[in-house]
Each structure stands twice: as structure tokens, then as C-alpha cells.
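Each remark here refers to the structure printed beneath this line.
Rule-based calculations on the coordinates, nothing more; no lab input. Please read these numbers as outputs of a predicted model, since none were measured by experiment. Here the Cβ positions follow ideal geometry from the backbone for every residue, glycine too, while neighbour counts run over all protein chains shown.
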Amino acid sequence: MDKVARRVELLKLEGLGFSQAEVVNELSQKLSCSKRVLYKDFESREVWQPTLQSVLEPKAVLFKVINRYEQIYRQASLRFLSSSNELARMAALNIMLKTNSLMCETAVLPEVLGRLKELEDKASKGVFVP
């Protein structure tokens, strides 16, 4: 397995909630590579992760996040419609509500950050902004 695939797998396992030690143990066995290589990947992630995940282009990240929230919402909606268990239905509704809220926040966040940047620029120039 090449370096990129190894690092993608590392991020995937970490995203699933595995600790760093668990990720290293799992991947060292699965990929037959040394644990040191994997620890080095963790240590240098600030260099390779933005490139790997297209963080250099904020719109791409925004679309990824929105897509993931949409998928979570759809899965929860499916569980709500197909479950006969009342507690499962309530949990699905809760997830749908939280996901909807997060999607709205994510969609509005770039605009808010843009406004903050404008205000910072004006403030640095000595312009009073009420």
C-alpha cells in the first residue's frame, strides 16, 4: 500500500473514533509496516493532511461537510420511518434535529467569517465600526 492510501486509512480509523495507539496497532498489522512509520505520519500530519483532504480549498471542505451531514440526516430519517421502536424513533428525530442545525450553521459560517475578516481589516486601519 502506498503512502497516500496508508494515510487515508489512518484518517478513516481516527475519524471512526479509534485512539492513536489503536490506529497504529491496527494499521501496522493490516499493512505490514512499522509502527514508527505510522507515528511519523501522525507527527507530520499538519503537512500532508490539508493537501490530502483538500483543506487548501475551503469550498471543497464546506461541500464535504454538508454532504456528510446530509448523509447522516438521510440515515436518521430512514431509521425514523422504518423503526417500530419508539425510543429508536425519538433518537432518530434527535439526530435529524441536530444534523439540521449543524447544516445550517455550516452554511452560514463562511459568511460570518467573511464579515469578521472585513471588520478586522477595518479595525486594523483605524476605522470605527459600530
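Our summary gives the chain a relative contact order of 14 percent, counting only alpha carbon pairs under 8 angstrom and 6 or more residues apart. A crude spin-label estimate for the pair Asn85 and Ala21, with each label 7 Å from Cα along the Cβ direction, gives 3.2 nm.
Tell me, what does the Kirkwood hydrodynamic radius of the stretch 58-124 come to in angstroms if you use every pair of distinct C-alpha atoms?
Working: mean 1/r = 0.0732 Å⁻¹.
One over the average 1/r among Cα pairs gives 13.7 Å for the stretch 58-124.
Placing unit charges on each Cβ (+1 for Lys and Arg, -1 for Asp and Glu) gives the chain a dipole about its Cα centre, and among Pro50, Val127, Leu97 the Cα reaching farthest toward its positive end belongs to Pro50. Short-range pairs are left out: with C-alpha atoms under 8 Å and at least six residues apart, the relative contact order of the stretch 58-124 is 34 percent.
Using just the helices of the chain, give the 222 nm mean residue ellipticity in deg cm²/dmol: DSSP H runs with n ≥ 4 each add -39,500 (n - 2.57), and the total is spread over all residues, rounded to 500. If you can, show how the numbers build up before the last one.
Values: 6 runs with 106 residues, N = 130.
Computed ellipticity for the chain at 222 nm equals -27500 deg cm²/dmol.
For the stretch 3-52, the equivalent ellipsoid derived from the alpha-carbon gyration tensor has semi-axes of 15, 12, 10 Å in decreasing order.
For Lys98, the lysines whose Cα comes closer than 21 Å to its Cα, not counting residues fewer than 8 places off in the same chain, are Lys64. Can you match Rg and Dmax of the Cα atoms in Å to one of these, [x] 16.3, 62; [y] 20.5, 62; [z] 34.2, 115, based on a calculation from the structure here? Step by step, Rg and Dmax of the Cα atoms in Å for this structure corresponds to label [y].
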